[in-house]
Structure formats: C-alpha cells, structure tokens
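Every number here is computed from the coordinates shown, using simple stated rules; none is lab data. Since this is a predicted model, take the numbers as computed values, not measurements. Ideal geometry is used to build each Cβ from the backbone, glycine not excepted, and the neighbour counts take in all protein chains shown.
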Amino acid sequence: MPTPVTTASHAHIVETLGRRIVGGELPAGTGLTLAGLEETFAASRTVVREAVRVLETHGLLTSRRRVGIVVRPLAEWDVLNADIIEWSLDSSRRRDVLIELTELRIAVEPVAARLAAERADPVEREELLRWATLLSDLGGKGLGDSPEYLDADIAYHRLLLRVSGNPLFVKLSDPIAEILRGRAVRGLTPGVPRVGTLEAHLATAQAIFDGRGADAEASAREHLTLVSDEVEGA
C-alpha cells in the first residue's frame, strides 16, 4: 500500500508561519502564495486560506490583489495577542519584548491599584490581600518558580485589573497573564524573588484593602520597578 500523505492542520500552519514571521525568518515584505503554502504544508487550499485569515487578524499577513500574501511589518502586528507574545518569547527578541511588556505594566498597574483602592468592594479587597499573602508565603519558601506561585500571581493581577473598574485595563488581563506564564515556563522566574518584590506586592494589597489609593499606587510602582530591574538584568 502507498504511504499516506500527511497533511498539515490549520493550527500547525498558523503556528509554523507565525513563528517564522515573528522570529524574523520571513521578514516584512516577504511574498507568499496560496499555491506555495499548499505545497509546503501538503494542505488543501481551504485549510491554507483559513490559516492565512487567522494570521491576518494577528496583523502578521495581508492579502493584496495581483500581489498575493505579504508579511506585514512589526508596527502593524497585534503585539498584545497571546500567540504573538508566546512566539516572541521564543525568538531573538525575547529580552526586548519582556522589557516592552514590563514597561506597559508599569504604565498601567500602579494606576489600576489606586483605582482598586477607591472602587473595590470589601470581598474583592480581602481576596486581593489573600492572593498577595499567598504569593509572599510561597516566595518566602523559595517557590517563586512553582506552578502554585504562577497561578496565584495570575489570579492576583487579573483581579487587580478587574476591580480597578476600568474596562480598558481589564482587556490587558490576558496579555499580562501570558507575560507571567511565558516567563515562568521558560525558567525566567526566580525561585527566590528579588529582594523587596514580595514586600511591595503585599504592601500594595494592604493599601488597597485599607482604601489608601496613593500608597497602593506607589507600592505597585515600586514592585514593578523591581521586576523591571530583574527583567533587564536577566
């Protein structure tokens, strides 16, 4: 019997092409064709078209009549898309991307902390403090690189953005979760957090609990400044 031809799935094409674009193997302006992609991936035109559509929504590709499929420049990418963050963290731009995303967090999270101190209800304040206390306990035991720490860290920051009451901040929950997860799974999160980070985290939550907006903002900024130093020094 003849050996069956293995055809690429839609998801495989999206990930493979996405990584090649984000990683610089296919630079901006590179031209592609449906026929060429069909041959490369041994896939049907329908599957290839759907994969191209997904990458178009990510801002990585554009289709032009009489030109074909063209790779778009980085300035046009949906850089907060979870896939693009993941692919970027596996590329030569990893350090730059981590710095850029941390700068975004510095711009947003301290303000979110101040708003949370003003707007969160008693149950939300208590939950934030509970997550921060758990992070402090785990980090103090040298478990800052554990799955439990990652889960608590993501839960804390998701809640912080949500209780800020600003729906635009809430939209950053997934990208920030992807940043935290991306660092952790690549071994970039230390088991023993940088001195001062746990204290600043806990101080932020306590200030929110007490309704001290200015103190919450200052502590959150201190925490993220320490994280930024950690990222830049990695």
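Values computed for the structure shown
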{"item": "Span from the the stretch 96-119 Cα centroid across to the the stretch 155-200 one, whole angstrom", "result": "9 Å"}
{"item": "Packing-based ranking, highest mean first, of 53-60, 117-124 given that Cβ atoms within 10 Å are counted", "result": "53-60, 117-124"}
{"item": "Separation of the residue 199 and residue 137 label points, Cα + 7 Å toward Cβ, nm", "result": "2.2 nm"}
{"item": "Theoretical ellipticity at 222 nm over the chain - DSSP helices of four or more residues, -39500 (n - 2.57) apiece, nearest 500", "result": "-21500 deg cm²/dmol"}
{"item": "For the chain: relative contact order, % (alpha-carbon pairs under 8 angstrom, 6 or more apart)", "result": "21 percent"}
{"item": "Over the stretch 138-180, relative contact order from alpha-carbon pairs under 8 Å, at least 6 apart, %", "result": "34 percent"}
{"item": "Footprinting exposure proxy for 30, 46 (fewest neighbouring C-beta atoms within 10 Å first)", "result": "46, 30"}
{"item": "Estimated vicinal HN-Hα couplings, Hz - the stretch 144-149 in sequence order (Karplus 6.51, -1.76, 1.60; Gly, Pro = x)", "result": "x, 9, 8, x, 5, 5"}
{"item": "Spin-label pair residue 186/residue 100, simplified geometry with 7 Å Cα→Cβ offset, distance in nm", "result": "1.3 nm"}
{"item": "Read-out semi-axes √(5λ) of the Cα gyration tensor in Å, derived from the coordinates shown; its label in (1) 41, 18, 16; (2) 28, 21, 17; (3) 40, 31, 16", "result": "(1)"}
{"item": "Ranking of 12, 223 by count of other Cβ atoms within 10 Å, fewest first", "result": "12, 223"}
